[in-house]
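A quick write-up on the structure given underneath.
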Amino acid sequence: MARILAIDYGKKRTGLAVTDPGQIIASRLTTVPTHTIWDFLKDYFQKEEVETVVVGYPKQMNNQASESVRFINPFLKKFQQKYPEINLEIYDERFTSKMAFQTMIDSGLKKQKRKDKALVDAISATIILQDYLEQKRNLLR
């Protein structure tokens, strides 16, 4: 099987998470400056087989797309043009940054480390991917 890659796309930084080849475990991969995302993806796709890319898509409480989708939509369009062979899915990412921050607290990270926004972005991508995998498994039951 090929991997699933999750992207928490941001204006400044983009968090990434990936599954193992068996698509069982979601793991934090890295955070890259958003302006380098295309170079990162090109290199990563040359090294690893990726079946699906899941992109966090922020929604408001009323289920409408949030203001930040104006940065995400052009990314999605360009991704589909560059990589039409890779399945692209959007996934509601409401509260993932808050969940990531709480995960950092629960795991005992010191206050200084919790201020690391790149770490928050990568953990957010991992939460998006883990939720996506759980939803996918529940649909198969």
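The values are calculated or read from the model by the stated rules, or taken from the named source; none is laboratory data. Note that the structure is a prediction, hence the values are computed from the model and not measured. Note that each Cβ is placed from the backbone with ideal geometry, even for glycine, and that neighbours are counted across all protein chains shown.
Quick look at the values:
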quantity	calculated
Some residue of segment 70-82 being surrounded by 15 or more Cβ atoms within 10 Å (Cβ to Cβ), at pLDDT 75 or above and not in a helix (DSSP H, G or I)	no
Of all residues making up segment 18-38, the number that are in contact with a Lys or Arg (Cβ under 8 Å, 6 or more places away or on another chain) and under 13 Å from Ala118 (Cβ atoms)	4
Checklist (1) over 20 Å from Asp131 (Cβ atoms); (2) at pLDDT below 95 applied to Lys59, failing item	(1)
Number of the condition not met by Ile4 [criteria: (1) within 18 Å of Val120 (Cα to Cα); (2) at pLDDT 95 or above; (3) touching a Ser or Thr at 6+ places or on another chain (Cβ under 6 Å)]	(1)
Residues located in segment 83-98, provided they are at pLDDT 95 or above and either of a type in the set (Gly, Ala, Ser) or not in a strand (DSSP E or B) (or both)	Tyr83, Pro84, Glu85, Ile86
Among the residues listed as Gln46, Gln64, the single one being over 23 Å from Ala118 (Cα atoms), surrounded by fewer than 19 Cβ atoms within 10 Å (Cβ to Cβ) and either among the aliphatic types (A, V, I, L, M) or modelled with pLDDT of 95 or more (or both)	Gln46
Segment 10-37: number of residues that are of a type in the set (Ser, Thr, Tyr) and either more than 14 Å from the chain's Cα centre (by Cα) or surrounded by fewer than 22 Cβ atoms within 10 Å (Cβ to Cβ) (or both)	4
